[in-house]
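Asks: What follows is a structure written as structure tokens; I'll ask about it next.
The values are calculated or read from the model by the stated rules, or taken from the named source; none is laboratory data. Quantities reported herein were computed from a predicted structural model and do not represent experimental measurements. Glycine gets a Cβ as well: all are built from the backbone with ideal geometry, and neighbour counts include every protein chain shown.
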Amino acid sequence: MSKSKFLNIDSMSLQGIDEDSELIPLMTPEDEEEINNEALPETLPILPLRNTVLFPGVVIPITAGRDKSINLIKDANNGSKVIGVVSQKDEETENPGINDINTLGTVARILRVLQMPDGNTTVIIQGKKRFEIAEVLTEKPYMTATVRETKEERPPVEDSQEFLAIIESIKELALKIIKDNPNIPSEASFAIKNIQSNSFLINFVSSNLNLGVKEKQDLLEIPNLQDRALATLKYMNVELQKLELKNDIQSKVRSDLDQQQKEYFLHQQMKTIQEELGGISYEEEVDEMAQKAKEKKWGKKVSEHFTKELAKMQRMNPQVAEYSIQRNYLELFLELPWNEFSKDKFDLKRAQKILDRDHYGLEDVKRRIIEYLAVLKLRNDMKSPILCLYGPPGVGKTSLGKSIAKAIGREYVRMSLGGLRDEAEIRGHRKTYIGAMPGRIIQSLKKAGKSNPVFILDEIDKLSNSHQGDPSSAMLEVLDPEQNNDFHDNFLEMGYDLSKVMFIATANNLSSIQPALLDRMEIINVTGYTIEEKVEIAKRHLLPKQLKEHGLTDKHLKIAKPQLEKIVEGYTRESGVRALEKQVAKMVRHAAKSIAMEEEYNLKMTNEDIEKVLGPARMERDKYESNDVAGVVTGLAWTSVGGDILFIESILSKGKGTLNITGNLGKVMKESATIAMEYIKSNADSFGIDSEVFDKYNVHIHVPEGATPKDGPSAGVTMLTSLVSLFTQKKVKKSLAMTGEITLRGKVLPVGGIKEKILAAKRAKIKEIILCEDNRKDILEIKAEYLKGLEFHYVTDMSEVIDLAITDDKVKNAKSL
């Protein structure tokens, strides 16, 4: 039995009808007799009902929404209050005619008309007796028709006991349904018990059965009251059986309900609340993913895999931990840019302008990028090269990647590898683990939104190993052009094409890179800058950048080239420009403070202003020192921050011929000192040295700046020259520096880092440089403007070095050896 009808009866006072009203929902036999004796009007206004059937004696509220219905109720309420009520055959029909309604209905009396707060008209009606439409008279403003009464057939006296038994059964079933159905208020049983009229009981129960309009209309059209009671009893039995089955199932389910099911039930409630608040349900989430998948440009293999994994997620309980992992997995598939590429801009002249605008110098790098673009323009399917920009810090390796991306119109992605020691950071975790994530390569591509970005692998030389794997070995597949077209990520579980990605690695030290990894990259040496280049970079880039960051313009501060050169020479000693930028920032901050405090300052900075703000020049120790003492020689060295000069000092003291070496030197550098000493002993006659000296004097070699570790073979020629100068007590030529490795036979071998060493020599005001003959090719690769003011001497043997470096001038107050 339906819940709504009982509620309507039980809550009439809520509809504006109180206990003293003429409306009494429970009909007595006297009321029934009075209704049967009432004469039926010849014509009635006909009110079609969409979704209910009115039975004789039953009171129901209806809401009038159609204009015809509202006009009919208004006229009838002002007149006889009697109308004819019929049900529609199809509730969707908006303007029903005679063919759209059932011809058998119920005469109704209007008990109350209410204007509801929402503006609708609600009318409470009570059924009287059945009628049948004879002829439709009018259809406007509403339907009217002539009607004839359809009397109900009462059971004969001899069948009264059977009829009464049916009535009792109806009551018992009704009370049982009310008891077993929690949705029906218990007050409804009171109404059933107090119904005195048998015919009203049948109609009342029929009206409240959980049936459709057609079934209720069929009940209404049964002329024999006993037959209608039997049909009603049949429907009640079916409803009771369904109710008992439902309760039985609920009882079993309730007894088997465990903690997980409780959580699921609560989550379902939460999901419903989220949907009401505008959230997305799991079903909608799956549908949305399927719709997005149709728009992706992936291949057949990926599409089939995604469909399979999506079906797996549909079968999962949303409460289990694997559900969120599966959802993240599918979201990654949808967010990755499968076969989505940026369109390369092949305007090479424009690309050259962008590179020249953003970076001063770095000609080799720019030429290589333009070459790559030229080939890509001609072939359009070239695999991207793996470039490695190698050089000291602060020379613009990382920022060069941004300029390359801008020049060719690609997305820019940077991944810092410094200190990375977990292989899963590259290859990702297997998605069977809680908290599993894809590797940073795949994550960066998702962030870029394209499959061909410019990808900067920053500090690739600082990858480290641990018990969690070897990341540098995992990078082998990433950086191999022959393998990375099917890069396997553990989380993705599928190959992803990286061949269109332009990888650019940066490194400060090639010796710490795994040889196999180094072999896969094209090394481009990004050397340090000359003083002239630093001045231009400061003028074009660093000063405008710092002015902008401090809220100033070139109208607030001007630093001319001579002053910038003073800052470069006196306050920086690096190959790059990072320290230079910090000094320029100090000058800009000084101007900003002066403006903010309304203090006077020079718009055009002078040398005195620079010393006032930055303090006295601190880098004078890089300058060349005069060699008025025997045994002091200037050497050239390569460090992780670029080229530098170093001074090698040696001294004699009376003793037994021991050799001491100090200055925080590495094993190779100590070996160079030992080789130099042994070579001098074996060739003492050619150098004009008395061999007895080696047994009477101790030799001490020292390299200043003992706090700085120093190692490498480059100081071999410098140490030998220092010892020859010491033993001969002859000066070393002024403004001279040298670098090269030596052998026991006195041969001079080539060394690396030539450009950095040349730049260090220029900073130190060196005029002449001695190099190995095999290093001549390195000098030819350096721009001529960098070599201006330098004279080079190329040697193959140590005797040539001594002839070039040692003068014939004896040192004043030379020791007699």
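Asks: Before we move on, is Ile766 at pLDDT 85 or above and part of a loop (DSSP other than H, G, I, E, B)?
Replies: yes
Asks: Still on this model: I need the full set of residues from the stretch 374-392 which are in contact (Cβ under 8 Å) with a residue 24 or more places away in the chain and surrounded by fewer than 19 Cβ atoms within 10 Å (Cβ to Cβ), in order please.
Replies: Of everything in the stretch 374-392, those that are in contact (Cβ under 8 Å) with a residue 24 or more places away in the chain and surrounded by fewer than 19 Cβ atoms within 10 Å (Cβ to Cβ) turn out to be Ala374, Leu376, Lys377, Lys383, Pro385.
Asks: Select from the stretch 403-420 the residues that are surrounded by fewer than 17 Cβ atoms within 10 Å (Cβ to Cβ) and in a loop (DSSP other than H, G, I, E, B) and list them in ascending order.
Replies: Gly409, Gly418, Gly419, listed by residue number.
Asks: Could you check Glu263 against (1) modelled with pLDDT under 75; (2) assigned to a loop (DSSP other than H, G, I, E, B) and say which number it fails?
Replies: With (1) modelled with pLDDT under 75; (2) assigned to a loop (DSSP other than H, G, I, E, B) applied to Glu263, the lone miss is (2).
Asks: Select from the stretch 113-125 the residues that are modelled with pLDDT under 90 and either outside the structural domain of Ile202 (by TED's automatic domain parsing) or in contact with a strand residue (DSSP E or B) (Cβ under 9 Å, 6 or more places away or on another chain) (or both) and list them in ascending order.
Replies: Val113, Leu114, Gln115, Met116, Asn120, Thr121, Thr122
Asks: Right, something else. Among the residues of the stretch 426-438, is any in contact (Cβ under 8 Å) with a residue 24 or more places away in the chain and under 23 Å from Arg368 (Cα atoms)?
Replies: Among the residues of the stretch 426-438, not one is in contact (Cβ under 8 Å) with a residue 24 or more places away in the chain and under 23 Å from Arg368 (Cα atoms), which makes the answer no.
Asks: Now a separate question. Being more than 30 Å from Thr639 (Cβ to Cβ), over 21 Å from the mean Cα position of the chain (by Cα), in the same structural domain as Ile442 (by TED's automatic domain parsing) and surrounded by fewer than 16 Cβ atoms within 10 Å (Cβ to Cβ) is the requirement here; does Arg357 meet it?
Replies: yes
Asks: Another question, if that's okay. Quick check on this structure: which one of Glu152, Glu139, Glu168, Glu135 is loosely packed, with under 13 Cβ neighbours inside 10 Å, acidic (Asp, Glu) and closer than 19 Å to Val107 by Cα?
Replies: Among Glu152, Glu139, Glu168, Glu135, only Glu135 is loosely packed, with under 13 Cβ neighbours inside 10 Å, acidic (Asp, Glu) and closer than 19 Å to Val107 by Cα.
Asks: Of the residues in the stretch 431-458, how many are within 23 Å of Ser511 (Cα to Cα) and surrounded by fewer than 20 Cβ atoms within 10 Å (Cβ to Cβ)?
Replies: Residues in the stretch 431-458 being within 23 Å of Ser511 (Cα to Cα) and surrounded by fewer than 20 Cβ atoms within 10 Å (Cβ to Cβ): 1 in total.
Asks: Now, a different point. Would you tally the residues in the stretch 319-342 being of a type outside the set (Asp, Glu), within 23 Å of the chain's Cα centre (by Cα) and not in a helix (DSSP H, G or I)?
Replies: Going through the stretch 319-342 one residue at a time, the tally reaches 6.
Asks: If I go through the stretch 421-430 residue by residue, how many of them are surrounded by fewer than 21 Cβ atoms within 10 Å (Cβ to Cβ) and farther than 13 Å from Asn465 by Cα?
Replies: Residues that pass the stated criteria total 2.
Asks: Looking only at the stretch 89-102, count how many residues are surrounded by 17 or more Cβ atoms within 10 Å (Cβ to Cβ) and either over 60 Å from the mean Cα position of the chain (by Cα) or under 13 Å from Lys214 (Cα atoms) (or both).
Replies: 2
Asks: Residues in the stretch 170-186: is at least one of a type outside the set (A, V, I, L, M) and closer than 24 Å to Glu91 by Cα?
Replies: No: the stretch 170-186 contains no residue that is of a type outside the set (A, V, I, L, M) and closer than 24 Å to Glu91 by Cα.
Asks: Separate question: Can you go through Gln352, Gln326 and tell me which one is closer than 30 Å to Gly528 by Cα, touching a helix residue (DSSP H, G or I) at 6+ places or on another chain (Cβ under 9 Å), surrounded by 15 or more Cβ atoms within 10 Å (Cβ to Cβ) and not small (Gly, Ala, Ser)?
Replies: Gln352
Asks: Could you list, ordered by first residue, the pairs with Cβ atoms under 7 Å in which the first is in the stretch 519-546 and without any contact (Cβ under 8 Å) to a residue 60 or more places away in the chain and the second is not in a helix (DSSP H, G or I), at least 6 apart or interchain?
Replies: Hits for this filter: Lys534/Val577; Leu542/Val577; Leu543/Ile559.
Asks: Looking at the stretch 690-745 only, could you name the residues that are touching a Gly at 6+ places or on another chain (Cβ under 9 Å), among the acidic types (Asp, Glu) and part of a loop (DSSP other than H, G, I, E, B)?
Replies: Glu705, Asp711
Asks: Moving to a separate point now. Of a type in the set (Ser, Thr, Tyr) and part of a helix (DSSP H, G or I): does that describe Ser464?
Replies: Against the criterion (of a type in the set (Ser, Thr, Tyr) and part of a helix (DSSP H, G or I)), Ser464 does not qualify.
Asks: I'm checking my understanding of the structure. Among residues of the stretch 450-464 that are acidic (Asp, Glu) and touching a Gly at 6+ places or on another chain (Cβ under 8 Å), which one is nearest to Glu335 (Cα to Cα)?
Replies: Only one residue fits best here, namely Asp458.
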